[in-house]
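Peer 1: Supplied in structure tokens, the structure appears directly below.
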Amino acid sequence: MRKLFLVAFLVCSCVLGAPAQSQHELNQQAAADFEQADKELNAAYKMLMARLDAASKEKLITAQLLWIKLRDADAAARAAGNEGGSIYPLIYDGSRAASTRERTKWLREWYDEIKDL
């Protein structure tokens with residue numbers, strides 16, 4: 001039941017605009033959703049980096065690289081039960097998109113805390 005809920009959630013959260021008809025189209029939409037989330041993350045990251053001192057920049061770079069590894073490993077773990085299946089990319093990219101949006105929100109909050117300093 002939990003797996004069914006996760007799949008339904010990912011399908012609903014990934015499909016923007018016209019509903020996709022095939023698994024391939026759903027997978028493509030999930031990949032596009034992740035790409036958009038990643039672009040937004042990179043914009044927030046660059047904004048924040050522009051406000052940080054050298055030591056903080058170095059620490060954020062390290063943290064960001066570790067976070068990317070965690071995000072991708074978590075997504076692979078979530079999708080592992082479907083490895084080799086046609087739904088794997090939907091679950092994998094859906095998880096990466098959701099995690100990326102959360103990280104973007106966190107980076108933007110950090111930026112808002114320091115932007116006027």
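Peer 1: Any chance you could count how many residues in the range 81-117 are part of a helix (DSSP H, G or I), among the aliphatic types (A, V, I, L, M) and either open to solvent by 50 Å² or more (accessible area, probe 1.4 Å) or modelled with pLDDT under 95 (or both)? Even if it seems obvious, please write down each step before you answer.
Peer 2: From the range 81-117, those part of a helix (DSSP H, G or I) are 81-82, 88-114; that's our starting set.
If we keep only those that are among the aliphatic types (A, V, I, L, M) as well, we get 90-91, 97-98, 107, 114.
With the extra rule that they be either open to solvent by 50 Å² or more (accessible area, probe 1.4 Å) or modelled with pLDDT under 95 (or both), the set shrinks to 114.
So the count comes out to 1.
Peer 1: Also: Applying the selection to the range 54-102, what residues are within 20 Å of ALA43 (Cβ to Cβ) and of a type in the set (Phe, Trp, Tyr)?
Peer 2: Within the range 54-102, TRP67 is the sole residue that qualifies.
Peer 1: Regarding the range 32-49, can at least one residue be identified that is more than 23 Å from ASP116 (Cβ to Cβ), of a type outside the set (Phe, Trp, Tyr), more than 11 Å from the chain's Cα centre (by Cα) and open to solvent by 70 Å² or more (accessible area, probe 1.4 Å)?
Peer 2: No; the residues of the range 32-49 include none that is more than 23 Å from ASP116 (Cβ to Cβ), of a type outside the set (Phe, Trp, Tyr), more than 11 Å from the chain's Cα centre (by Cα) and open to solvent by 70 Å² or more (accessible area, probe 1.4 Å).
Peer 1: Tell me yes or no: at least one residue of the range 50-60 is open to solvent by less than 60 Å² (accessible area, probe 1.4 Å) and either aromatic (Phe, Trp, Tyr) or in contact with a helix residue (DSSP H, G or I) (Cβ under 6 Å, 6 or more places away or on another chain) (or both).
Peer 2: Among the residues of the range 50-60, not one is open to solvent by less than 60 Å² (accessible area, probe 1.4 Å) and either aromatic (Phe, Trp, Tyr) or in contact with a helix residue (DSSP H, G or I) (Cβ under 6 Å, 6 or more places away or on another chain) (or both), which makes the answer no.
The values are calculated or read from the model by the stated rules, or taken from the named source; none is laboratory data. In this text, all values refer to a predicted model and were calculated from it rather than measured experimentally. No Cβ is skipped: glycine too gets one built from the backbone with ideal geometry, and neighbour counts run over all protein chains shown. With ligands, DNA and RNA removed, areas are computed over all heavy atoms of the protein, side chains included. Shrake-Rupley method; radii C 1.70, N 1.55, O 1.52, S 1.80 Å.
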